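As structure tokens, the structure follows; a few thoughts come after it.
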Number of protein chains: 2
Amino acid sequence: MLKDIKYNKDGLVPAIAQDADTGEVLMLAYMNQESLRRTLDSGEAWFYSRSRQELWHKGATSGNTITVSEVWKDCDSDTILIKGKAAGPVCHTGNPTCFFQELTKADLEG
Amino acid sequence: MLKDIKYNKDGLVPAIAQDADTGEVLMLAYMNQESLRRTLDSGEAWFYSRSRQELWHKGATSGNTITVSEVWKDCDSDTILIKGKAAGPVCHTGNPTCFFQELTKADLEG
């Protein structure tokens, strides 16, 4: 199953994090092979920071780790979905989810 | 709001589709600027097919369109989340969601 994962040319795969209880989509980040391995092994979410170019144990500095209960891959094996519980606000802005800005049809104008 | 969207070097942004009622994550695909415009304008999900390299009106051939009720962008403006209702199975495999294959710690072995 793991061998099938299709990493992009940067060796990364997008990973969606979802609240296991509420279903709220919390964030999207990227994993490399090692992040995925550590996530499955440790039960906490690990990503790969594209800006810092390093393995990223989510919450290592903020304390807002994500305890992972389920890991899924999609039909094409090029996207990961993790379900879990965050210890605090997931977003660096302090919002519980990174998706707090709504776009509407009105945004098409001007 | 739309002008802030950060498309990658291929002019694409990942877009998560979520069932507006159940919260189930259905799929991840990619949008270019025109897909996002059409999604907001039409209220149906449009993506960009990376394999076919063309605008992709989800469900145009299968009939399984996604009627979109909400469109969100994330804190970094580099991921889109759409919430909506699919007219049928979203996945090309016939599954209601593309995320039907679970990974576990056991997958780390062998």
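Distance between the pseudo-spin-label points of B:N95 and B:L55 (7 Å out from Cα toward the beta carbon): 3.1 nm. Distance from the Cα centroid of segment A:66-94 to that of segment A:16-40 is 2 Å (rounded to whole angstrom).
What separates the B:S51 label point from its copies, with the point 7 Å along Cα to Cβ, is 3.4 nm, written shortest first. Carbon and sulfur atoms: what percent of the 1.4 Å accessible area of chain B do they account for? C and S atoms contribute 45 percent here.
When the surface is traced with a 1.4 Å probe over the full set of protein chains, A:R38 keeps roughly 80 Å² accessible. Inter-chain Cβ neighbour count for A:39-52, averaged per residue, equals 1 (cutoff 10 Å, partner chain atoms only). For chain A, the longest principal axis of the alpha carbon atoms and the long axis of helix A:33-42 meet at an angle near 80°.
Over segment A:47-107, what is the mean sequence separation of C-alpha contacts under 8 Å (at least six apart), divided by residue count, expressed as relative contact order in percent?
21
May I ask which of A:K3/B:K73; A:K58/B:K58; A:K9/B:K105; A:K83/B:K83; A:K58/B:K83 have a Cα-Cα span longer than 28 Å here?
Working: A:K3/B:K73 31 Å; A:K58/B:K58 33 Å; A:K9/B:K105 25 Å; A:K83/B:K83 18 Å; A:K58/B:K83 25 Å.
Over 28 Å apart, Cα to Cα: A:K3/B:K73; A:K58/B:K58.
Hey, what number do you get for chain A at 222 nm if only DSSP H runs of n ≥ 4 count, each worth -39500 (n - 2.57), divided across all residues, to the nearest 500? It would help to have the intermediate numbers written out before the result.
Numbers: 1 runs with 10 residues, N = 110.
The helix-only estimate for chain A comes to -2500 deg cm²/dmol at 222 nm.
Comment: the Cα-to-Cβ extended label point of A:L108, at 7 Å, lies 4.8 nm from its counterparts in the other copies, nearest first. The A:E109 and A:T22 beta-carbon pair, evaluated with R₀ = 25 Å, returns a calculated FRET efficiency of approximately 0.15.
The values are calculated or read from the model by the stated rules, or taken from the named source; none is laboratory data. Just so it is clear, the structure is predicted and the values come from calculations on it, not from any experiment. Please note: Cβ atoms are built from the backbone with ideal geometry, for glycine as well, and neighbour counts cover all protein chains shown. For accessibility, only protein heavy atoms count, side chains too; no ligands or nucleic acids. Shrake-Rupley method; radii C 1.70, N 1.55, O 1.52, S 1.80 Å.
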